[in-house]
Each structure stands twice: as C-alpha cells, then as structure tokens.
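One structure below.
Just so it is clear, none of the values below were taken in a lab; they were calculated from the coordinates. It should be emphasised that the depicted structure is a prediction, and the values quoted were computed from it without experimental measurement. Cβ atoms come from the backbone with ideal geometry, glycine included; neighbour counts cover every protein chain shown.
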Amino acid sequence: MEKRIIARGLLAGALAGVLAFVFARIFVEPVIGHAIAYEYGRADAEAALGAHEHEMEVFTRGVQANIGMGFGVLAFAVAMGALFAVAFVVAHGRVGTLAPRALALLMAAGAFGGIYLVPFLKYPANPPSIGNPETIGDRTGLYLLMVLASLVLAATVFWLGRRLAPRLGAWGATFAAAGTYLVGVGVVMFVLPPVAETPKPLRDGSGTIVYPGFPADDLYHFRLYSLGTQFVLWATIGVVFAVLISRLLDPGSRTEQAQESVGA
C-alpha cells in the first residue's frame, strides 16, 4: 500500500512540476531576463570605472530559461511529491478522524506555509543579479536554517496541540498551537541576521551616479511570481494527491466507483 501511495505522490509532483514550470516560464523568466540585462549593464559601468570584468556565460539564455528551469522545477516538484506522500503515510490514521482527502489538502497547505512561505518572509527570493557571489554560501545556509526551524517548530506545535486537545478542546488546542508557532517563528526571525544585498546606485569617484540601483518593480514582481510558482506547485500537489488518495483509501469513493462500473 505504501508503494501505491508514494507512486501517487510522484505523479502529483510531476504534474505540479509541469504546471509550476509553465507559470514560471510565463511570469518569472521575463523578470529574470530584466535582472540579467541589469547585471550586464552594471558590469559595463563598473568596467568603465576599472572595477569589474565580464564573466564568461557557461549556458545560453535559451538553455537556462527552458531546459535548465524546466529540469530544476520538475526535479524539485517530483522530490517534494515523494516526500509529501511519505509524510502522508506517517500521518494517516494518526491525525484525528480526518478523511484522506482533507488530510492531504491540509498537509499541502501546511507544507506550502512551513517550507516556503514562512522562510520567504525572512529571506525572500531574489533574482540572479542580487547578492554578492562571495556570500552565496552564507545566504543559502541562513535560508536552509530558517526552513529547518520552521519545520521543527511546526512538528513541535503539532505535538503540543495533540497534548492540549483533551484539556482545551480541539479549537482551543489549535489556537494555542498556532500562537506558539507564530511566537517561535518570530523569535527565530529576530535572532537570524538579515540579508540586504540589493544593488545600490553605482557612483564614480566624485559621487555622481553612473548607473542606477536595481529596479524596485523588477524585484517586487520577481518575488511575487516566485511566490506564485510555489503556490501553483503545492496547490497542484495537494489537489491531485487528494483526488488520487481518496480513490485509493476512501471506502465511500470506492463503493461509488464500483456501483458506477456495475451500472455501466
């Protein structure tokens, strides 16, 4: 049974990857193009000041925008679909009396919030031209630390909610657990250092601006569309997996299907 559930997670992840890639290709990729154009323009300005040299492009923009982005999004989505299915196997039957479909949808919403949305609030996505290449390791480490903290807090408050349910009731335990999570996340966000590397205007020796800072509109749209891409991915995983798992595990759904087959 576990293999059949994981197979459905892989299928949901693959479909989510395709839809997320289509969304990203339409909305995110043009903003990335603007960011790269900005990076090249700034590099030219820095070269004119004797402070920068062009780097060789390893892959063309066409390869990056299609094969590179498509493979990356699909691989990530399939991996998340498999992990989602494993988490469902662990949670099913241990989370109250939730039906498989409801559990899958709630888990997808929680995964989107805990894995992406909450870390995004502290360390939002940035286009390629933002960030010092020398600090990429530190920035990646901080982001992963925020993701890990969010997941650990989510697991902790889930355990806390179950412990408090007999005393406070379902709603009281839910509100207490949610409040604990928000406080914990707030503390983690306060403790972790900020990352602010958005390029400021480039000035020459006399202080005159020779190249503008990174466009705020492009930064806003990149972050908005990145958030949208993740929403499409997790919403698709949740909905598709909920439908597939309901047909597999929900007795009522199987009975209806059998009756329809007999009637046909």
| Which part of the stretch 92-116 falls in the paramagnetic zone of Leu145, meaning amide N under 13 Å from the point 7 Å along Cα-to-beta-carbon? | none
| said: If I take every Cα pair under 8 Å that is 6 or more residues apart in the stretch 131-197, average their sequence separation and divide by the length, what percent do I get for the relative contact order? | reply: 41 percent
| request: Calculate for the chain the 222 nm mean residue ellipticity that helices alone would give, adding -39,500 (n - 2.57) per DSSP H run of length 4 or more and normalising by residue count, nearest 500 deg cm²/dmol. | output: -24500 deg cm²/dmol
| Any idea what the relative contact order of the stretch 95-245 is, in percent, if you count C-alpha pairs under 8 Å spaced at least 6 apart? | 39 percent
| said: Relative contact order of the chain, please, whole-number percent, based on alpha carbon pairs below 8 angstrom and at least 6 residues apart. | reply: 34 percent
| query | Shape of the stretch 131-197 from its Cα gyration tensor (a ≥ b ≥ c, root eigenvalues): rounded if a/c is under 1.5, otherwise prolate when a/b > b/c, or oblate? | reply | prolate
| note | Counting sequence-distant residues (5 or more places) and residues on other chains, those with an amide H built under 5 Å from that of Leu49 are none
| Three-way shape call for the chain based on the alpha-carbon gyration tensor, with the a/c threshold at 1.5 | oblate
| remark: Once amide hydrogens are built 1.01 Å from N within the peptide plane, the residues lying 5 or more places from Tyr211 or on another chain with amide H under 5 Å from its amide H are Leu202
| task | Indicate the helices, whole DSSP H runs only, in the chain that combine a mean Kyte-Doolittle hydropathy of 1.6 or more with a Cα extent along their long axis of 20 angstrom or more. | result | 69-91
